[in-house]
Amino acid sequence: MKKQLFLALSLTTLLVTVNCSSNNDDDNNTQQTNPSTTQYFHPPTWIQGTWGVTNGTTSNKLYKFTTDDFILLVTGVSEQSMTGTIKSSPNGGSVDETVNSNAQYNFTVKYNITTTTQSFEFRKVSATHIQWKDNSNGTWFDLVKM
């Protein structure tokens, strides 16, 4: 199960990688930019915090939800803000959310310059336990609040 989870997270991280263009101040080049005030994510309060897996001796933080962002935690060393990824993507992107404030939080990230989409599904089990669905194989994984 650890190998599957690691593989799923590696694939997720790979899919999140988006090519960025350099900033060009040439007035003849018009690019669509997203306002810095755009809020893409609206996680319900029950999911806000840091979530991961633990086997009793080691812990691995995987995801962090704030009031306005979804962050991928890569081996506990670096954080990848999905809002930042969308804003740095050429032509931006959008997020379609489905929120059942009591038990379910699903969203799909779409990047405007490509056909790339990423879908995430989470469901609440308790105040300290949620499940994440690996959409590549339909398996639900248990995550605990860290």
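The values are calculated or read from the model by the stated rules, or taken from the named source; none is laboratory data. Worth saying up front: this structure is predicted, and the values here are computed from it rather than measured. In this analysis, Cβ positions are derived from the backbone assuming ideal geometry, glycine residues included, and neighbour counts consider all displayed protein chains. We work out accessible area using only protein heavy atoms, side chains counted, and drop any ligands, DNA or RNA first. Shrake-Rupley method; radii C 1.70, N 1.55, O 1.52, S 1.80 Å.
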Next item on the list: Taking ILE130 as the residue in question, decide whether it is in contact with a Ser or Thr (Cβ under 6 Å, 6 or more places away or on another chain) and in a strand (DSSP E or B).
Entry: no
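Count, please, the residues in the stretch 124-146 that happen to be open to solvent by less than 30 Å² (accessible area, probe 1.4 Å) and either touching a strand residue (DSSP E or B) at 6+ places or on another chain (Cβ under 6 Å) or farther than 19 Å from LEU73 by Cα (or both).
Within the stretch 124-146, the first condition is being open to solvent by less than 30 Å² (accessible area, probe 1.4 Å), and the residues that meet it are 130, 132, 134, 141, 143.
Among the residues that remain, those that are also either touching a strand residue (DSSP E or B) at 6+ places or on another chain (Cβ under 6 Å) or farther than 19 Å from LEU73 by Cα (or both) are: 130, 132, 141, 143.
Residues flagged as open to solvent by less than 30 Å² (accessible area, probe 1.4 Å) and either touching a strand residue (DSSP E or B) at 6+ places or on another chain (Cβ under 6 Å) or farther than 19 Å from LEU73 by Cα (or both) within the stretch 124-146 amount to 4.
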Sole miss for THR37 among (1) open to solvent by 80 Å² or more (accessible area, probe 1.4 Å); (2) in contact (Cβ under 8 Å) with a residue 40 or more places away in the chain is condition (2)
Scanning for something surrounded by fewer than 18 Cβ atoms within 10 Å (Cβ to Cβ), among the aliphatic types (A, V, I, L, M), more than 23 Å from THR37 (Cβ to Cβ) and modelled with pLDDT under 95, does the stretch 111-123 turn up at least one residue? no
Whether any residue in the stretch 65-85 is open to solvent by 70 Å² or more (accessible area, probe 1.4 Å), at pLDDT below 90 and either at negative phi or of a type outside the set (A, V, I, L, M, F, W, C) (or both) is what I want to check.
yes
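If you go through the stretch 115-139 one residue at a time, how many are in contact (Cβ under 8 Å) with a residue 12 or more places away in the chain and either under 16 Å from the mean Cα position of the chain (by Cα) or closer than 24 Å to GLY84 by Cβ (or both)? Can you show your working first?
As a first pass, look at the stretch 115-139 and keep what is in contact (Cβ under 8 Å) with a residue 12 or more places away in the chain: 116, 118-125, 127-137, 139.
Filter once more, keeping what is either under 16 Å from the mean Cα position of the chain (by Cα) or closer than 24 Å to GLY84 by Cβ (or both): 116, 118-123, 130-136.
Total meeting the criteria: 14.
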